[in-house]
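Since every read-out is calculated from the coordinates, none of them should be taken as a lab result. Everything numeric here is computed off the predicted structure, so don't read it as measured data. Because the Cβ atoms are built from the backbone with ideal geometry, glycine has one as well, and the counts that use them run over all protein chains shown.
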Amino acid sequence: MDNPKVTILMSFKDGGRFFDEALKSIQHQTMENWELLLVDDGSTDGSLQRARDFVAAEPRACLIENETNIGLAASLNRVVEMARAPFLARMDADDISRPHRLEKQLQHFATDPELGLLGSNIERINRHGRYIPWWPRVSNMPLTHPEIRAQMLFRNPMYHPTIMVRRAALDQSGLKFKYDETFDTTQDYELWARLIQKVKFANMAEPLVQYRKHAGGITTKSTDRQYSNGLRVQRFYCQYLLGDLAWDGLEMQMLRAFSRGRRENDRLGHDYHELCQTILRFERQCAERGDPETAQAITDFIMRRVVYYCLFKLYQPRVIKLLLTLIRARFPDVARSFLQRA
């Protein structure tokens, strides 16, 4: 392809049984003006030969072979420099892009000239390609820039294999699409935390990628490193949002545990009254230092987490205490009226 519209970036190491399906999902895109840059990062399971066979039969694909394993961030940085298209898209070797993915993302970019980075919701599937019964079938990612900017502090609000980037938007902002190679996990989260300071983000509500959860996946194998690297990103992003008011490590861990609602809560064993004070202080600081839309989006996200705790963990006395403290602080008139009626 002489003038591709989209360059798709895919790094793989031991692509395994899902590799061929991922490649076919790119081949079957309705938007056909693309190039695929494949990077083999030291495969030992036969994936390299399968990639060679694919490239030999597909003129829009190119294969780069690393001499040694250099990691995901370095591999992606290598092919970003080779990309020729005005748009970059990511894809993982174990996921499936829906046939209209590239077409619909380009259409969305056409409606918003200021948009720089676009992701989408995902459908969760297991190693057999079936939906996972105990998880919601479709993710619920924030859609607008203020929502994404707010939730960036608590979690990664973009699914890496769904993103598409308008390179001109980064160029105009003086930024480069380059991963920090000191991160062995959460490279994408760290990059988003830098780009969102100057680039407009969005997510499409429609799930455009089937995201596979399996034992060999990076997110499954590297949970502890993801947690520690995630805290690194959150501290950096908190410094950007709050400046001199940025929090210490323990406060960030408490807020992360509260916002995620997962096993970090048990690991920290924090006091919910102290957590409540942290939440309230955080809201005040964001309102004082951040833009109104982001501050409101942060408050909305925090209150949704409070509702989650009330619905699923209300049997815990400390959760009741958290709820009552927040109600008294945020809605004193409601609390006073309730107590008077009681």
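Brief remarks on what is shown
- Neighbourhood charge, 14 Å Cβ-Cβ cut-off, centred on Pro136 and excluding it, Lys, Arg +1 and Asp, Glu -1: +2
- Fraction of alpha-carbon pairs over 16 Å apart in the stretch 106-188 - percent: 65
- For the stretch 6-221, the Kirkwood hydrodynamic radius from C-alpha pairs, put into Stokes-Einstein at 20 °C and a viscosity of 1.002 mPa s, yields a diffusion coefficient of 123 µm² per second.
- Violating pairs (Cα-Cα greater than 29 angstrom) within the set Lys13/Lys198; Lys24/Lys104; Lys24/Lys198: Lys13/Lys198; Lys24/Lys198
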